[in-house]
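Notes follow once the structure below has been shown.
Derivation of every value follows stated rules applied to the coordinates shown; laboratory data play no part. Remember, predicted model here, so these are calculated numbers, not experimental data. Every residue, glycine among them, receives a Cβ derived from its backbone with ideal geometry; neighbour counts consider all protein chains shown.
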Amino acid sequence: MIRSGRAGAMQAERLIGRLLTGVTYVSVALLLVGVGLLIAAGISPVSGGPGMDPARLVSDLLGLKPAGFLWLGLLAVIAAPVTRVSVALVAYIRDEDWMMVGVSTAILLVIATAIGSAVVSTA
Amino acid sequence: MIVGLWMIAGGAAAGVFGSLLGLGGGILIVPLLTLGFGLPLREAVGVSLVSVMMTSSAAAGVFLERHVANLRLGMTLELFTATGALVGGSIAFLLDEQLLSLLFAALLTYVAITMFRAGSREEDMSVEPADLVAETTSGRRSRQMVLDQLGGDGYEVRNLRLGVVGALGAGVVSALLGIGGGIIKVPLMHLAMGVPLRVATATSNLMIGITAAASAVIYVIHGGIDPFVAGPTGIGVFVGATAGSRLGHRVDLRYLRILFVIVLGYTASQMLLRAMG
């Protein structure tokens with residue numbers, strides 16, 4: 001828990017908790033729609049789904065294709081904790097809690113490095 | 001269609017069992033998908049990662065709202081679990097599937113033995129943590145200053161160096177085998193770092209999200225996550241884990257634990273056979 005004596009910290013923690021829960025439920029809803037469409041279309045889950053293609057995401061969503069909703073839901077699942085750290089970073093900056101600002105920034109850098117290294121290695 | 005429903009049901013079963021036994025679902029999802037649905041192990045690991053993220057984020061949100069999880073400690077350690085996951089996620093695509101199967105078999109065996117011993121001795125971790133490890137290094141003022149900022153109400157954190165090393169290891173294992181890693185993090189925080197069990201469990205849960213995110217992005221970019229499998233499995237695990245957390249206090253865990261040890265033992269042997277080709 002964020003230690004007492006830090007202005008607004010407990011409130012920030014509650015906000016981060018609510019945000020995490022909210023994003024999770026949004027992702028579950030998107031996945032439910034995707035699974036519903038998958039079942040309605042009679043597609044077998046073990047038939048091999050498409051990989052993530054940002055260029056196709058919007059058209060898949062507009063075309064009510066299961067892959068669009070499933071990928072958006074999965075991206076929301078992955079984005080939830082990253083959003084949590086980003087919000088915490090803002091709260092720590094406001095509290096001038098520089099150690100945690102450093103920790104939060106470093107975590108986001110690790111995620112960015114993971115994305116960068118994976119993109120480079122697949123290129 | 002039938003396969004999809006079976007996948008949801010299988011995920012739900014993994015979620016219920018995992019939640020009841022405090023393991024998370026990861027350790028069951030990978031065998032379910034590989035042995036039950038014939039998926040390659042690496043693909044199963046990717047699906048497992050996003051499934052455990054869903055359940056951990058939902059639970060962690062509640063823990064944070066109730067101020068049970070230690071956010072400062074969790075974030076400090078998850079910097080290292082995420083770094084470990086970055087390494088693990090990167091090497092996962094270089095390792096042979098048979099080697100991964102062997103590692104998974106070893107993990108299952110370890111968890112089965114731990115659970116068997118816990119059941120037979122009625123040993124739990126609710127006792128006050130013993131001084132298993134040497135006191136924090138005196139004279140290292142900077143580390144002590146960090147430790148002072150990581151404690152919570154009524155407890156102080158110690159052994160940061162061990163915590164960092166353990167967190168790195170937990171991250172690597174999580175990324176390679178698709179588990180949340182509570183089996184490593186909870187004892188690490190509780191026994192070695194002096195964090196109360198309830199806080200350690202909640203904080204470990206919180207840490208799963210960013211740890212798995214670091215490796216999940218690598219799996220997504222490498223094409224290691226199949227959305228058609230991840231959707232039904234993730235929904236099933238989420239529903240199962242939610243139900244399991246509500247059933248928890250109404251179920252006699254002794255028989256469940258014995259059943260689980262048998263299931264884990266059998267699964268370990270199947271994974272071993274897979275490892276041997």
Over chain B: Rg over Rh, Cα atoms, Kirkwood Rh
0.97
Using only the Cα atoms of the range B:47-103, each taken as one equal point scatterer with no solvent, compute I(q) by the Debye sum, divide by I(0), and report log10 of the ratio at q = 0.15 Å⁻¹.
-0.62
Rounded to the nearest 500, what is chain A's calculated 222 nm mean residue ellipticity when only DSSP H runs of at least 4 contribute -39500 (n - 2.57) each, over all residues?
-27000 deg cm²/dmol
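Just to be sure I understand: if I project the alpha-carbon convex hull of the range B:20-63 onto a plane and average over all orientations, what area do I get in nm²? Write out the running numbers ahead of the final one.
Details: hull surface 12.8 nm².
The number I arrive at for the range B:20-63 is 3.2 nm².
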Hey, what's the Kirkwood Rh for the range B:176-227 if you take every pair of different alpha carbons, in angstrom?
12.0 Å
Mind listing the phi-derived Karplus ³J(HN,Hα) values for the range B:26-40, rounded to whole Hz, using 6.51, -1.76 and 1.60 with θ = phi - 60°, and x for any glycine or proline?
x, 5, 9, 5, 4, x, 4, 6, 7, 7, x, 10, x, 7, x
If you average 1/r across every pair of different Cα atoms in the protein assembly as shown and take the reciprocal, what Kirkwood value do you get, in Å?
21.1 Å
Sort B:147-157, A:17-27 by the packing proxy (mean of other Cβ within 10 Å over each peptide's residues), most packed first.
A:17-27, B:147-157
Eigenvalues of the alpha-carbon gyration tensor of the range B:6-120, times 5 and square-rooted, give semi-axes in Å, largest first, of 24, 19, 16
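Can you give the local net charge around A:Leu20? Use residues other than it whose beta-carbon is closer than 15 angstrom to its beta-carbon, Lys and Arg +1, Asp and Glu -1. Don't jump to the answer; show the numbers that get you there.
Values: positive: A:Arg14, A:Arg18, A:Arg84, B:Arg66; negative: A:Glu13, B:Glu65, B:Glu78.
Local charge sum for A:Leu20: +1.
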For chain A, report the convex hull volume of the alpha-carbon atoms normalised per residue, in Å³, without decimals.
127 Å³
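Would you calculate a helix-derived [θ] at 222 nm for chain B, using -39,500 (n - 2.57) for each DSSP H run of n ≥ 4 and dividing by the full residue count, to the nearest 500?
Numbers: 11 runs with 200 residues, N = 277.
One gets -24500 deg cm²/dmol as the mean residue ellipticity at 222 nm.
List the chymotrypsin sites (Phe, Trp or Tyr not before Pro) in the range A:39-123 that DSSP assigns to loop (not H, G, I, E or B) and whose Cβ has at most 11 other Cβ atoms within 10 Å. Which are they? Numbers along the way, then the final one.
Values: sites: A:Phe69, A:Trp71, A:Tyr92, A:Trp98; in loops: none.
When the chymotrypsin sites (Phe, Trp or Tyr not before Pro) of the range A:39-123 are filtered for loop state and at most 11 Cβ neighbours within 10 Å, nothing remains.
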Over the Cα atoms of the range B:173-277, what Rg and Dmax result, in angstrom?
16.5, 44
